[in-house]
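The values are calculated or read from the model by the stated rules, or taken from the named source; none is laboratory data. Worth saying up front: this structure is predicted, and the values here are computed from it rather than measured. Counting neighbours? That spans all protein chains shown, and the Cβs are built from the backbone with ideal geometry, glycine included. Keep in mind that these areas ignore ligands, DNA and RNA; they rest on the heavy atoms of the full protein, side chains included. Shrake-Rupley method; radii C 1.70, N 1.55, O 1.52, S 1.80 Å.
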Amino acid sequence: SSSESISVPMIPLGLKETKELDLLVPLKDFISEHYGEEGVLFEKEIKEFMELRQAMRTPSRNEAGLELLMEYYNQLYFLDSRFFPPTKTLGVFFHWYDSLTGVPSHQRALAFEKGSVLFNLGALHTQIGARQDRASLPGLNQAIDAFQKAAGAFNYLKENFSNAPSLDMSAASLTMLVRLMVAQVQECVFEKMTLLRAQNDFLARLQLAQEAARVEEVYSLVHQTMSQPHVKDYVPFSWTTMVQVKSEHFQALSHYFAAIALCDCPAPSDAELLEQEKAFLQFHVTMPEGPSLHVLLQDPEERRKLGKAHLKKAIMKHEEAMRIHGLCKILRKMDILQEVLSFAHKRSLSKYSEIDHEEDFFETGEAPDIHPKTQQKPEIKSPNFSQVKVTDLFHRLGPLSVFSAKNKWYPARRVHLMRGENGFGFTLRGDSPVLIAGVIPGGCAAEAGLKEGDYIISVNGKDCKWSKHAEVVQLLKSTGKEGVDIGVITLQGSECPKAVDKKAAVMSSGPGVLKSNKENSRKSLMNSKSASTLLVWSKKSKRSKKSTYSGVPFTAVGDNEAMY
C-alpha cells in the first residue's frame with residue numbers, strides 16, 4: 001500500500017549562526033610581540049584562515065560540508081597552539097547564536113568556538129539524515145549512519161566541554177539530543193526491518209512487533225528527558241509533541257503486528273511448535289491470561305482472542321497518537337504525519353472488524369505489553385577528526401614543539417663563529433629545530449657565546465627552523481675561512497631544568513582545577529568575566545599527544561647527537 005511506504009518526518013537541527021570575525025590585527029600583533037617576526041609578512045595566512053572561517057558558516061548539506069567543518073575544527077587546534085597562551089587571551093570575542101532560540105552568547109575562550117563548530121557538525125549530520133529517501137535500503141542505511149554520527153558529535157561535545165554559555169550546549173540539552181538521535185536511528189532500524197520483511201511468517205511478525213516496542217521505549221525516554229526542568233521550557237513544543245506522538249504510534253504498531261502474527265499466520269506444525277513457543281515465551285512483558293502457550297499457539301480460537309485484545313490496545317494507542325498530534329498547530333500542518341497516523345489507525349480498525357464475530361460473548365481481555373527487542377543496536381559514532389588532514393597554516397612560524405604560544409624565548413641572537421682546529425666545539429642533536437646539546441669549554445662556540453640548550457634557527461641568513469640535522473651540518477661544513485653566522489634562540493626556563501619541571505607540574509594541574517567549575521552554578525558563571533573558567537576544553541592536554549594532526553612535528557631527541 002502506498003501509505004505504508006511513506007516515511008514519518010524526522011527532527012533535524014538548525015545550525016548555530018555566528019558573527020564575522022576580524023583576526024587580522026590581533027594575530028599580526030601577536031606574531032610581532034610573541035614571535036618577534038614581522039606580522040605583516042603573515043597577512044596571507046591570516047586571510048586564508050579568515051576565509052576558511054567565513055566558508056564554514058554556511059556549509060553545504062553533504063560530505064563536502066562536513067569536511068569543511070572538520071577542516072576548520074582541525075585548524076583551530078593549530079590556532080590554539082600558536083596564538084592562545086595559557087595565561088592570556090587574544091582579546092577577540094567569539095559570537096554564536098543558540099541553535100533553537102537564537103539567543104546570542106559571546107566568549108573570549110577559543111573552546112567556545114571549537115564547541116560551536118562541533119555542535120554544527122552534529123546538526124549538519126541531522127539535516128543529512130532527515131533528507132534521505134527512507135523508502136529504499138541505501139537511503140535508510142545513510143540515514144542510520146548520519147543520525148549515529150550526529151549522536152556521536154553531541155556526545156563528544158557533552159563529554160569534553162563544561163559550563164557552556166548557551167543552552168543548546170548545556171549537558172542537559174546535549175543528553176536530550178543524543179537520546180533523540182538514538183531514537184531516530186532506532187526508528188530507521190524498524191523501517192529497515194519492515195522493508196526487508198519479505199516473508200510474512202509468524203516469527204518475522206513477532207520480530208517486527210518487538211522492534212516497534214523498542215522504538216516506543218526509546219522515544220518514551222526522549223520524552224522524559226524533554227520534560228525535565230532545564231530542557232522543558234527550551235525545547236520547541238512541536239518537538240516534544242512529535243516525540244510523544246511517535247511513542248504512542250509505535251506502541252500501537254507493536255500491538256498491531258502481534259495481532260497480525262496471531263490471526264494471519266496458520267497454527268504451527270509440530271516441527272515449528274517448539275521454536276514458536278520459545279519465541280513467544282520472551283515476547284510479552286507478562287504472560288497473557290488463559291491457556292498454556294502450547295494450547296494457545298495451536299488453537300485458532302485462542303489465537304483470535306489474544307489477537308483481538310492486542311488490536312483493541314493498538315486502536316486505543318492510535319487514537320491517543322492522533323489526539324496528541326491534534327494539540328500542536330505546527331504538526332497539524334504536516335500532512336505526511338497526519339496521513340501515516342490515520343492510515344495505521346484505519347488498518348487496525350479494519351483488521352479488528354475482520355476478526356470480530358457477532359457471536360463473541362467473551363469480554364476482550366487486556367493484552368500484555370510487548371517486550372522491546374532490536375536486531376540492530378544503535379551505535380554512537382564519535383567524530384573521526386583524522387579523516388580530514390590539514391596542514392598548519394602558520395607553518396612558517398616554525399615547529400610547534402618550540403614555536404608555540406605556551407613557550408617563551410629570549411630575543412634571537414646572531415653569533416659569528418670561526419672554525420678552530422678541533423671544529424666548532426659543540427655537539428648537535430635532533431632536528432626541526434636542531435639543538436645545541438653541549439658546548440666544549442674554551443672552544444670556539446663557547447667563546448662566541450653559544451650555550452647548551454640553544455636552538456639553531458638560521459645559518460648564514462638561511463632559515464633553519466624546519467631543517468633536518470643533516471642539512472644544518474652540511475651548511476656548517478660548507479663554510480670557509482670567513483666563518484659562519486648562526487642565529488639562535490634560548491627558551492626561557494630552559495637554562496634551569498628545575499624551573500621547567502615546576503612549570504609542567506603547574507600546567508598539568510590546570511584542567512583539573514578548572515573542571516571543578518562544573519559544579520558552580522550557571523548564574524555565577526554567566527556573571528564571571530574570566531573566559532577561561534567558563535568553558536573548559538578538558539581534552540586539551542591529551543589532544544596534543546595524539547598523532548591525529550599530520551602537520552605537528554615533535555623534536556626528535558635521539559642518538560643522532562654528534563660532535564662538530
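General observations
- From the options Arg57, Arg82, Arg61, residue that is open to solvent by less than 60 Å² (accessible area, probe 1.4 Å) and assigned by the TED database to the domain that holds Met176: Arg82
- Any hit, segment 365-373, residues being in contact (Cβ under 8 Å) with a residue 40 or more places away in the chain, loosely packed, with under 13 Cβ neighbours inside 10 Å, in a loop (DSSP other than H, G, I, E, B) and in the same structural domain as Phe257 (by the TED database): yes
- Breaking point among (1) at pLDDT below 95; (2) part of a helix (DSSP H, G or I); (3) under 29 Å from Val117 (Cβ atoms), for Ser162: (2)
- Test: residue in segment 8-20 that is touching an Asp or Glu at 6+ places or on another chain (Cβ under 9 Å) and surrounded by fewer than 18 Cβ atoms within 10 Å (Cβ to Cβ): no
- Being of a type in the set (Phe, Trp, Tyr), surrounded by fewer than 21 Cβ atoms within 10 Å (Cβ to Cβ) and touching a residue at least 12 places away in the same chain (Cβ under 8 Å) is a condition met by at least one residue of segment 222-236.
- Near pairs, Cβ below 7 angstrom, 6+ apart or cross-chain, from segment 303-330 (in the same structural domain as Ser342 (by the TED database)) to any residue that is open to solvent by 20 Å² or more (accessible area, probe 1.4 Å) and among the hydrophobic types (A, V, I, L, M, F, W, C): Arg303/Cys263; Arg304/Cys263; Lys305/Phe362; Gly307/Cys263; Ile315/Leu349; Cys328/Phe237
- Residue, nearest to Phe280 (Cα to Cα), within segment 294-351, restricted to residues that are of a type in the set (Val, Ile, Thr) and open to solvent by 60 Å² or more (accessible area, probe 1.4 Å): Val295
- In segment 400-424, of all residues being hydrophobic (A, V, I, L, M, F, W, C) and part of a strand (DSSP E or B), the one that is farthest from Val484 (Cα to Cα) corresponds to Trp409.
- Annotation: of all residues in segment 471-519 being open to solvent by less than 70 Å² (accessible area, probe 1.4 Å) and polar (S, T, N, Q), the one that is modelled with the highest pLDDT is Thr490.
- Asn200 being modelled with pLDDT under 90 and of a type in the set (S, T, N, Q): yes
- Residue among Asn200, Asn141, Asn160 that alone is open to solvent by less than 40 Å² (accessible area, probe 1.4 Å) and touching a residue at least 24 places away in the same chain (Cβ under 8 Å): Asn160
- Any hit, segment 169-178, residues being polar (S, T, N, Q), farther than 21 Å from Ser105 by Cβ and open to solvent by 10 Å² or more (accessible area, probe 1.4 Å): no
- The residue list Gln207, Gln132 contains one member that is part of a helix (DSSP H, G or I) and open to solvent by 10 Å² or more (accessible area, probe 1.4 Å), which is Gln207.
- Complete set of residues in segment 425-470 that are under 46 Å from the mean Cα position of the chain (by Cα), assigned to a helix (DSSP H, G or I) and crowded, with 16+ Cβ neighbours inside 10 Å: His469
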